[in-house]
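The values are calculated or read from the model by the stated rules, or taken from the named source; none is laboratory data. These figures come from a predicted structure and were not determined experimentally. Note that we place each Cβ from the backbone using ideal geometry, even for glycine, and neighbour counts take in every protein chain shown.
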Ligand SMILES: NC(=O)c1ccc[n+]([C@@H]2O[C@H](COP(=O)([O-])OP(=O)(O)OC[C@H]3O[C@@H](n4cnc5c(N)ncnc54)[C@H](OP(=O)(O)O)[C@@H]3O)[C@@H](O)[C@H]2O)c1
């Protein structure tokens, strides 16, 4: 079930996770999201963390949720926390600073690296509907791999994960579906629009039903690494 655990030592494996409702929401309209998933799904998330070398979040998640990004619900050491934060929006009192023995790594623009705990990566040209260029997810992964972090968990949020999927930088996507319907609120994935169903991603999917009602959809994606 956990491709991070079974990865060979020199292999890059990137797992994305998203907890969502039956109608594809990750939060209420006011941002309230605790907790969409049940206890079993949280256990699963912590097991993923325990098998990862690094765990990536976008700065939006740090600002909204103030996560610690540590392993607490199972045995295992916490992965290196990595925040994609080109605009330096991480609050100085964010909990992840105190939660890890090593400082979090920050992903910045290539020309804006100021400290050893920062990695600069290439920018992409602005995509359709985007008002500013984004950092290239493939460059992010390659830069982490160059530092020895090859088993990578992309924990969110939605826009960070969507960008990784758009750029084929996810090998496995774990969608943790909670059996609830919000009917309004914040949507999960938001990928590049397609014109017909022929353009839909159709991953191989394995289903795992948890005892408390959530269902894990483990999707095998085509990444730039898996295509090698
Ligand atoms: N249900 C779940 O599994 C789950 C998991 C995690 C988070 N969440 C929820 O997701 C929400 C936050 O998600 P979000 O989509 O608003 O924010 P996010 O994905 O956490 O962070 C997005 C921000 O990170 C920076 N960023 C990320 N990737 C980038 C890239 N490739 N290039 C340049 N900048 C990049 C940008 O910062 P700048 O704007 O500063 O440029 C961007 O606006 C929260 O409500 C949180 O509760 C849900």
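Numbers below:
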| read-out | value |
| --- | --- |
| Residue, farthest from residue 157 (Cα to Cα), within segment 78-94, restricted to residues that are more than 9 Å from the ligand (Cβ to nearest atom) and either in a strand (DSSP E or B) or modelled with pLDDT under 95 (or both) | 80 |
| Answer residue from segment 26-54, given it is under 26 Å from residue 92 (Cβ atoms) and modelled with pLDDT under 95 and is surrounded by the most Cβ atoms within 10 Å (Cβ to Cβ) among those | 27 |
| Residue check for residue 48: within 13 Å of the ligand (Cβ to nearest atom), touching a residue at least 24 places away in the same chain (Cβ under 8 Å) and in a helix (DSSP H, G or I) | yes |
| Test: residue in segment 130-146 that is surrounded by fewer than 20 Cβ atoms within 10 Å (Cβ to Cβ), assigned to a loop (DSSP other than H, G, I, E, B) and away from the ligand (no atom under 11 Å from the Cβ) | no |
| Cβ pairs under 6 Å, 6+ apart, first in segment 157-173 and in contact (Cβ under 8 Å) with a residue 60 or more places away in the chain, second near the ligand (Cβ under 9 Å from one of its atoms) and assigned to a helix (DSSP H, G or I) | 157/60; 157/61; 164/137; 169/137; 170/164 |
| Yes/no for residue 15 being under 26 Å from residue 88 (Cα atoms), touching a residue at least 12 places away in the same chain (Cβ under 8 Å), within 8 Å of the ligand (Cβ to nearest atom) and buried (at least 23 other Cβ atoms within 10 Å of the Cβ) | no |
| Residues located in segment 188-220, provided they are surrounded by 10 or more Cβ atoms within 10 Å (Cβ to Cβ) and touching a helix residue (DSSP H, G or I) at 6+ places or on another chain (Cβ under 7 Å) | 188, 189, 190, 191, 192, 210, 212, 214, 216 |
| Criterion: free of Cβ contacts under 8 Å to residues at least 24 places away in the same chain, surrounded by 15 or more Cβ atoms within 10 Å (Cβ to Cβ) and either within 19 Å of the chain's Cα centre (by Cα) or part of a loop (DSSP other than H, G, I, E, B) (or both) - qualifying residue of 113, 71, 57 | 113 |
| Check on residue 165, under 23 Å from residue 6 (Cα atoms) and either more than 14 Å from the ligand (Cβ to nearest atom) or in contact with a helix residue (DSSP H, G or I) (Cβ under 7 Å, 6 or more places away or on another chain) (or both) | no |
| Any hit, segment 148-171, residues being over 19 Å from the mean Cα position of the chain (by Cα) and surrounded by fewer than 19 Cβ atoms within 10 Å (Cβ to Cβ) | no |
